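The values are calculated or read from the model by the stated rules, or taken from the named source; none is laboratory data. Just so it is clear, the model here is predicted, and its values are computed rather than measured. FYI the Cβ positions are ideal-geometry reconstructions off the backbone, even for glycines, and counts take in every protein chain you see.
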Amino acid sequence: MRHPSTAAIRLADYRPADFAIDSVELDFKLHPTKTRVTARLALRRNPAGDASAPLALDGDDLTLVGVTLDGVALAPGDYEATPDRLTLAKVPDAPFTLDIETEINPSGNTQLSGLYRSGSAYCTQCEAEGFRRITYFLDRPDVLSVYTTRIEAAKGEAPILLSNGNPVARGDIAGTDRHYAIWRDPFRKPSYLFALVGGDLGVLRDSFTTMTGRKVDLAIYVEHGKEARAGYAMDALKRSMRWDEEKFGREYDLDVFNIVAVSDFNMGAMENKGLNIFNDKYVLASADTATDGDYAGIEGVIAHEYFHNWTGNRITCRDWFQLCLKEGLTVFRDQEFSADMRSRAVERIGDVRGLRLAQFPEDAGPLAHPVRPDVYQEINNFYTATVYEKGAEIIRMLRVLIGEETFRRGMDLYFERFDGTAATVEDFLSCFAAASGRDLKHFALWYSQAGTPVVTTAGDYDAAAKTFTLKFQQETAPTPGQSEKKPVVIPIALALFGENGQKLDLVSDDATPTELARGLIELDAAERVIKFREVPSRPVVSLLRGFSAPVRLEPAPANEDLERLLALDDDPFNRWQAAQGLALRAIFGRLETGALDAKGLTEALRSLLAKAEDDPALVAQALSLPSDIDLAREKASDVDPDVLFDARMALRAEIGRSLGAELEAIYARFADEGAYAPDAASAGRRALRNVALDLLAAGDCEKGRALAMAQFEAAGNMTDRLAALATLALLGGHAREEAFARFYAQYAGDALVIDKWFSLQAMIPEAATTQRVLSLMSHREFSLANPNRVRALIGAFANGNLTRFHALDGSGYDLLTSVVLQVDPKNPQLAARLLSTLRSWRTMESRRRDLIEARLKHIVAQENLSADLRDIATRALG
Ligand code: B3K
Ligand code: ZN
């Protein structure tokens, strides 16, 4: 394992590599514990590098077998080899060839980085720095090479042999039980995009004809017997390929595109050139085993990895500080794809919910960092919501600011100028500056300044003058390492609604004609005041429409304005936002006064329910109340999860009671219509019916239990079955235990489904749950070695069960600490990610804060922590 490095890596220290590697020829002899790897590197000095520098190649946990320079075996005195470095003090000035032989142990690789095994298959994960666990290399994203890969393995163990690029040759090795395959990837790429798979896998095949008429062979490799469950992923892949042609003019470039699903994977998936490797959770789906949410997740991740072929692979990152260059942009692209495939409004609401759940807390706590960080200890800890989701929001703001057509011209320019290179954020922005004629220097502050800006607005209506004055102020709180914050460029989409709900023309001398025509105000200073003229009556203001910038708006409009917005706004996002605002006000009002006033909200929801047919998915979103994590974030300090939970439950019950008749009618009207289809419209109907069930059960336990049990029995798909089980889980009692037992009996052995069973149990908001989670950790289908299992059980407990996780006896924290310390020696990335759950610990009330601080200090005091975990624990303590 890599030892905690002490040196921080800084963006300011970037230097080009001293050597270039034009081509790489790899030869793998696969063996469970003794895989031999030969790498033939065509090296030459990089004119941009230091001409006298030694050749120093990165390694991690490597055993060197031998090294040859231009065909001559080197003597031990000619080089220095350690597990993490191979240094040749003297090398020729002319181009030369280096052959390096290493031996690695895939079966012993529990970090799931480098070459490892998932089940009996061999697979790789090289981003960010896994390739150096395979062979010594300049393992950095700005070293681009053409790769040829030969893989040899026992035929019985690995009949399927895959690598990047196009297949070149395959055959048997005479006189043995072994065979080989050769792959060649003609596109220059960094080492982190290398991939290899060897195994005995089932396959689903299809093909795609590109916009210029080239036929591409598509294949998705899965566990034998699960081929049919890859059908939706294949469909999503073909739709992604077509969409990228139509929306961005991007055509696929190899003869084959392969996807392999594995059960042991640290992240969602990986975009290796021509050979994407996926967590099987994002490939496998059937009506009986996957929910609507799972289908949407598969569609999004398949698209995301495919879109990386252009944004990430053809144009890659100069260094890891530029990670958002590929990730933020690719998330933006996958969000747009999903919006086109599904409901744009519902997609946007889901994306913003996700941003607020994960990124806002990150940006407000000790782990806050800029979208482009300027320093890191361990790069794997920077695959964060900030880099991904806030990174996507920056691209979205850019498009809002310069308009769709100019944005597309900027993208075209980016592909034209930087194809085949390792680029920077500045390179990217220069294309949009050129396309739009705008100076984007100030806008670029979004990349370097951390923290969520707070925009405060105040409106003042002058009835005599018929003017409405709107004052905007922005402020960003200090974040670690950045005490002073500057104003950023914030696009604020807005509309004013008149007395009769009509949208008013925007007239003002304080905004540009373009701003007024587009209804888009640019706030680029600490303060801006706009006096609107010809406003006939006090208007209702719809601000930050479509969530036009990743900021917090304060204060929320008055309840009567929220009620009107919920009824009349033509921006569906802000209609949803109004419902959330009313719910938050009801919950926080109860915290202050002890009394629940939800009348305005319930009446507004009643009118929405009356029109539910128009857009069931949107109504379902409006009925989905803020979660405990939302409430904790809004509370921001002195958080007591028990109190928040009680208030939230009280509101659910109140809505369930006062809208009982309407909800029951919806429940009956939106009943299952037969064969399951995963499309967005059908999913929206199911979502509405299931949120109705949840609220009904909150209002009337007995009725809820009866409906949920009947639904659990009769459900023809996993979405409805799991929703019923979730409702029963909250209601408790014998019915719940029986349902859990039946669910297990039905799906035992189906790991992805059993993960749902683990999660729902971990989220039961009752005192006995902590013990239940501990017992489930000994369940035969649980394993600390598998990231999906750990996330399903421990992740769901820590993120989805705030009252139990934050129990005042510290038992929840002890559970997490113990798991983190058990996982760390085997899989540091997983351990570090689990511990990040505590990122908002300083917002807790003092007793819990003290308990968490003690656990964090206990972790930091351990010897032999991984660099990953030490980095998170240390930064969390701040
Ligand atoms: N690029 C990968 C993430 C790799 C994570 C390495 N620790 C997945 C993605 O964003 O598409
Ligand atoms: Zn990505």
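The set of residues in region 625-643 being in a helix (DSSP H, G or I), of a type in the set (A, V, I, L, M) and either over 33 Å from the mean Cα position of the chain (by Cα) or farther than 23 Å from E603 by Cα (or both) consists of I629, A632, V643. Is region 412-435 home to any residue that is free of Cβ contacts under 8 Å to residues at least 40 places away in the same chain, over 20 Å from C317 (Cα atoms) and over 24 Å from the mean Cα position of the chain (by Cα)? Looking through region 412-435, at least one residue is free of Cβ contacts under 8 Å to residues at least 40 places away in the same chain, over 20 Å from C317 (Cα atoms) and over 24 Å from the mean Cα position of the chain (by Cα).
Per the conditions (1) surrounded by 23 or more Cβ atoms within 10 Å (Cβ to Cβ); (2) within 16 Å of ligand 1 (Cβ to nearest atom), the sole criterion not satisfied by Y376 is (1).
If you go through region 10-69 and keep only what is surrounded by 14 or more Cβ atoms within 10 Å (Cβ to Cβ), under 33 Å from the mean Cα position of the chain (by Cα) and acidic (D, E), you end up with D58, D60, D61.
Suppose the filter is of a type in the set (A, V, I, L, M), more than 26 Å from R686 (Cβ to Cβ), part of a loop (DSSP other than H, G, I, E, B) and not assigned by TED's automatic domain parsing to the domain that holds V352; does L596 pass it? Answer is yes for this residue. The criterion of at least 2 residues that are of a type in the set (V, I, T) and in contact with a Ser or Thr (Cβ under 9 Å, 6 or more places away or on another chain) is met, among strands (runs of 3 or more DSSP E) falling completely within region 6-75, by 19-29, 35-45, 63-69. Given the criteria surrounded by fewer than 21 Cβ atoms within 10 Å (Cβ to Cβ) and either modelled with pLDDT of 95 or more or of a type in the set (S, T, Y) (or both), does F797 qualify? When the stated conditions are applied, F797 does not pass them. For D253, are the conditions met, namely being more than 16 Å from ligand 2 (Cβ to nearest atom), acidic (D, E), within 22 Å of T148 (Cα to Cα) and not in a loop (DSSP other than H, G, I, E, B)? Spelling it out, it is not the case that D253 is more than 16 Å from ligand 2 (Cβ to nearest atom), acidic (D, E), within 22 Å of T148 (Cα to Cα) and not in a loop (DSSP other than H, G, I, E, B). Can you name the residue in region 800-842 that is polar (S, T, N, Q) and more than 21 Å from F382 (Cβ to Cβ) and, of all such residues, is surrounded by the most Cβ atoms within 10 Å (Cβ to Cβ)? Per the stated criteria, the residue is N801. Of the set (1) part of a helix (DSSP H, G or I); (2) closer than 30 Å to E737 by Cβ, all apply to I872 but (2). Of all the numbered requirements in (1) in contact with a Leu (Cβ under 8 Å, 6 or more places away or on another chain); (2) more than 28 Å from E393 (Cβ to Cβ); (3) surrounded by fewer than 20 Cβ atoms within 10 Å (Cβ to Cβ), R590 misses one, and that requirement is (3).
For region 714-725, does any single residue satisfy the condition of being within 27 Å of A831 (Cβ to Cβ) and not in a helix (DSSP H, G or I)? Looking through region 714-725, none of the residues is within 27 Å of A831 (Cβ to Cβ) and not in a helix (DSSP H, G or I). Would you confirm, using the coordinates I've provided, whether A392 is touching a strand residue (DSSP E or B) at 6+ places or on another chain (Cβ under 6 Å) and buried (at least 17 other Cβ atoms within 10 Å of the Cβ)? It is false that A392 is touching a strand residue (DSSP E or B) at 6+ places or on another chain (Cβ under 6 Å) and buried (at least 17 other Cβ atoms within 10 Å of the Cβ). In the set G732, G704, G699, G716, only one residue is among the small types (G, A, S), closer than 16 Å to A665 by Cα and surrounded by fewer than 21 Cβ atoms within 10 Å (Cβ to Cβ); that residue is G699. Where strands (runs of 3 or more DSSP E) fall entirely within region 111-173, those with at least 1 residues that are more than 16 Å from ligand 2 (Cβ to nearest atom) and within 16 Å of H31 (Cβ to Cβ) are at 114-118, 121-125, 145-154, 160-163.
Of the residues making up region 843-868, those that are touching a Pro at 6+ places or on another chain (Cβ under 6 Å) and crowded, with 21+ Cβ neighbours inside 10 Å are S866, D868. The residues of region 360-380 that are within 16 Å of ligand 2 (Cβ to nearest atom) and within 14 Å of S836 (Cβ to Cβ) amount to a single one, N380. Elements of the type strands (runs of 3 or more DSSP E) sitting completely within region 515-562 and holding at least 2 residues that are more than 22 Å from G501 (Cβ to Cβ): these cover 520-523, 527-532, 552-554.
The rows are residues; the columns are (1) farther than 16 Å from A236 by Cβ; (2) among the aliphatic types (A, V, I, L, M); (3) away from ligand 1 (no atom under 11 Å from the Cβ); (4) not assigned by TED's automatic domain parsing to the domain that holds A675.
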residue	(1), (2), (3), (4)
N279	no, no, no, yes
G293	no, no, yes, yes
G297	no, no, yes, yes
W320	yes, no, no, yes
L325	yes, yes, yes, yes
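Scanning region 301-312 for residues that are within 11 Å of ligand 2 (Cβ to nearest atom), touching a helix residue (DSSP H, G or I) at 6+ places or on another chain (Cβ under 6 Å) and not hydroxyl-bearing (S, T, Y) yields V301, A303, H304, F307, H308, G312.
Checking K390 against (1) more than 16 Å from ligand 1 (Cβ to nearest atom); (2) within 30 Å of D561 (Cβ to Cβ): exactly one of these is not met. Which one? Only one criterion is unmet by K390, namely (1). Please indicate, with yes or no, whether at least one residue in region 784-791 is touching a helix residue (DSSP H, G or I) at 6+ places or on another chain (Cβ under 8 Å), within 24 Å of D694 (Cα to Cα) and in a helix (DSSP H, G or I). So far as region 784-791 goes, no, none of its residues is touching a helix residue (DSSP H, G or I) at 6+ places or on another chain (Cβ under 8 Å), within 24 Å of D694 (Cα to Cα) and in a helix (DSSP H, G or I).
Of the residues examined, T148 is one that is surrounded by 15 or more Cβ atoms within 10 Å (Cβ to Cβ) and in contact (Cβ under 8 Å) with a residue 24 or more places away in the chain. Of all the residues in region 266-277, those that are in contact with a Leu (Cβ under 8 Å, 6 or more places away or on another chain) and either more than 10 Å from ligand 1 (Cβ to nearest atom) or assigned to a strand (DSSP E or B) (or both) number 3.
Do you know which residues across region 299-318 are within 14 Å of ligand 1 (Cβ to nearest atom) and of a type outside the set (V, I, T)? Within region 299-318, G300, A303, H304, E305, Y306, F307, H308, N309, W310, G312, N313, C317 meet the criteria. Of all residues in region 404-450, those satisfying the criterion of being among the polar types (S, T, N, Q), under 30 Å from A477 (Cα atoms) and buried (at least 17 other Cβ atoms within 10 Å of the Cβ) are T424, S430, Q449.
If you go through region 330-347 and keep only what is more than 11 Å from ligand 1 (Cβ to nearest atom) and hydrophobic (A, V, I, L, M, F, W, C), you end up with F332, F337, A339, M341, A345, V346. The test for being touching a residue at least 24 places away in the same chain (Cβ under 8 Å), away from ligand 2 (no atom under 14 Å from the Cβ) and either among the hydrophobic types (A, V, I, L, M, F, W, C) or more than 25 Å from R188 (Cα to Cα) (or both) holds for A287.
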